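Worksheet: one structure, shown below.
The values are calculated or read from the model by the stated rules, or taken from the named source; none is laboratory data. Keep in mind it's a predicted model, so treat the numbers as computed, not measured. Neighbour counts are summed over all protein chains in view; Cβ atoms, including those assigned to glycine, are modelled from backbone coordinates with ideal geometry.
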Amino acid sequence: MSHFFDLPKRLSEPASSSSSGSIGASEKVTAEFPHHTIPTEEVQVLPESRIVMYTDPRSAGADRFRFLRMCLRELWNAGKVRSLLITSPLPKDGKSTIALNLATALAEKGKRKVLLIEADLHHPTLTEQLGLDGVRGLADCLDNGLDPLSVIRRIEPLGWYLLSAGELRSNPTELLQTEALAGLLQKLSAQFDWVLIDSPPVTPLIDALLLARQANATLLVAREGHTPRETLEKAVALLGQQRVLGIVLNGMEGLDRLYSGYYGNSRYPTNNGVKPLRLVEAGKRT
Ligand SMILES: Nc1ncnc2c1ncn2[C@@H]1O[C@H](COP(=O)(O)OP(=O)(O)OP(=O)(O)O)[C@@H](O)[C@H]1O
Ligand SMILES: [Mg+2]
């Protein structure tokens, strides 16, 4: 299993950051912000949500997320990663499913302050999936200068915080191009241990590329039987190899097959400098 630790040594600094080298992620959360004042939303977590970290914590899938958490923690402790973009080459690869599980894994039932940002303004499924309605969020912050800390909700029983997509009144891609995005992410990174950003796919939109410039690193999701190798390669090239921390494979049928077949007989690029960070079984393939 040693290859799981074979992570890229250099991670890109967010475009907005003026620091070099360590981002100081291992330092304590700097803020005085009173997290206990954030309103809580109690949600019903059904098995259909595929949040196996909550619904099936003893499953192999949940174990895969714990392993991913361990890998990410090492980078966090080294001060390399605090904000992480989750994207994929195509629609429906499983980005949001991976983001929900990873947020739940990293939060460790509330021990860590984890913020999940619903930055897919074109197709915001998280808020809907969690059964929240009419919630203000990212779009309102970027469009009207709303303070993001005033619209974040704590999601229970999952133990993390959500900044919803909010109400869209402008072109989403233009909103993500505003300077306000960098300021917003900097502000939020100072208040949370982890900031996860759930994004649209890399193609055909440029939103993921814009968001990747503001995050410390990017996790690419690929789905077994769905994501063609060429589109994965193209996504890595578009994002820039240095920004891609690793590839999460969603929907693999069996880990045995994975271990025996993945590295020797790769369907996905492994020799271009981007190593598979983690292999995740987020649920059986339909
Ligand atoms: N491993 C899996 N096996 C079966 N179904 C899955 C798996 N992973 C995700 N799904 C389902 O596939 C659908 C798409 O997943 P998800 O919303 O996570 O993808 P996405 O990449 O975020 O999509 P979009 O590009 O629309 O944002 C959802 O209904 C989800 O429950
Ligand atoms: Mg999604």
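Quick notes on this one:
- Within segment 105-122, restricting attention to residues that are within 16 Å of ligand 2 (Cβ to nearest atom) and within 11 Å of the chain's Cα centre (by Cα), the residue that is nearest to VAL52 (Cα to Cα) is LEU116.
- Tally, over segment 70-116, of residues that are under 17 Å from VAL221 (Cα atoms), touching a Gly at 6+ places or on another chain (Cβ under 9 Å) and among the aliphatic types (A, V, I, L, M): 1
- Qualifying residue in segment 206-213 (condition: touching a Leu at 6+ places or on another chain (Cβ under 7 Å), crowded, with 18+ Cβ neighbours inside 10 Å and modelled with pLDDT under 95): no
- Residues located in segment 123-138, provided they are more than 16 Å from ligand 2 (Cβ to nearest atom) and either modelled with pLDDT of 95 or more or within 25 Å of SER88 (Cβ to Cβ) (or both): GLY131, VAL135, ARG136
- Any hit, segment 153-163, residues being buried (at least 17 other Cβ atoms within 10 Å of the Cβ), within 16 Å of ligand 2 (Cβ to nearest atom) and of a type in the set (Gly, Ala, Ser): no
- Test: residue in segment 225-240 that is closer than 18 Å to LEU102 by Cβ, at pLDDT 70 or above and either acidic (Asp, Glu) or part of a strand (DSSP E or B) (or both): no
- Qualifying residue in segment 186-203 (condition: within 15 Å of ligand 1 (Cβ to nearest atom), modelled with pLDDT under 95 and touching a helix residue (DSSP H, G or I) at 6+ places or on another chain (Cβ under 8 Å)): yes
- Test: residue in segment 168-188 that is touching a strand residue (DSSP E or B) at 6+ places or on another chain (Cβ under 6 Å) and farther than 19 Å from ILE98 by Cβ: yes
- Contact annotation: residue pairs with Cβ atoms under 6 Å, 6 or more positions apart or on different chains, pairing a residue in segment 194-213 that is polar (S, T, N, Q) with a partner that is away from ligand 2 (no atom under 12 Å from the Cβ), are SER199/LEU85; SER199/LEU211.
- Test for ALA119: is it touching a residue at least 12 places away in the same chain (Cβ under 8 Å), touching a Phe, Trp or Tyr at 6+ places or on another chain (Cβ under 8 Å), aliphatic (A, V, I, L, M) and surrounded by 24 or more Cβ atoms within 10 Å (Cβ to Cβ): no
- Among the residues of segment 124-156, those identified as within 20 Å of the chain's Cα centre (by Cα) and among the polar types (S, T, N, Q) are THR125, THR127, GLN129.
- Scope segment 51-109; condition within 13 Å of ligand 1 (Cβ to nearest atom) and of a type in the set (D, E, K, R); matching residues: ASP56, ARG64, LYS92, ASP93, LYS95
- Subset of segment 196-205 that is of a type in the set (Val, Ile, Thr) and surrounded by 24 or more Cβ atoms within 10 Å (Cβ to Cβ) - its residue that is nearest to THR125 (Cα to Cα): ILE197
- Within segment 70-86, being of a type in the set (Lys, Arg) and buried (at least 21 other Cβ atoms within 10 Å of the Cβ) holds for LYS80, ARG82.
- Top-ranked residue of segment 214-224 - restricted to ones that are outside any loop (DSSP other than H, G, I, E, B) and buried (at least 24 other Cβ atoms within 10 Å of the Cβ), ranked as nearest to ligand 2 (Cβ to nearest atom): VAL221
- Contacts under 7 angstrom Cβ, first residue in segment 91-114 being closer than 19 Å to SER189 by Cβ, partner acidic (Asp, Glu) and within 15 Å of ligand 1 (Cβ to nearest atom), 6 or more apart: ALA99/ASP198
- Cβ-Cβ under 7 Å pairs, at least 6 apart or on other chains, segment 166-182 side at positive phi, far side among the charged types (D, E, K, R) and not in a helix (DSSP H, G or I): GLY166/ARG136
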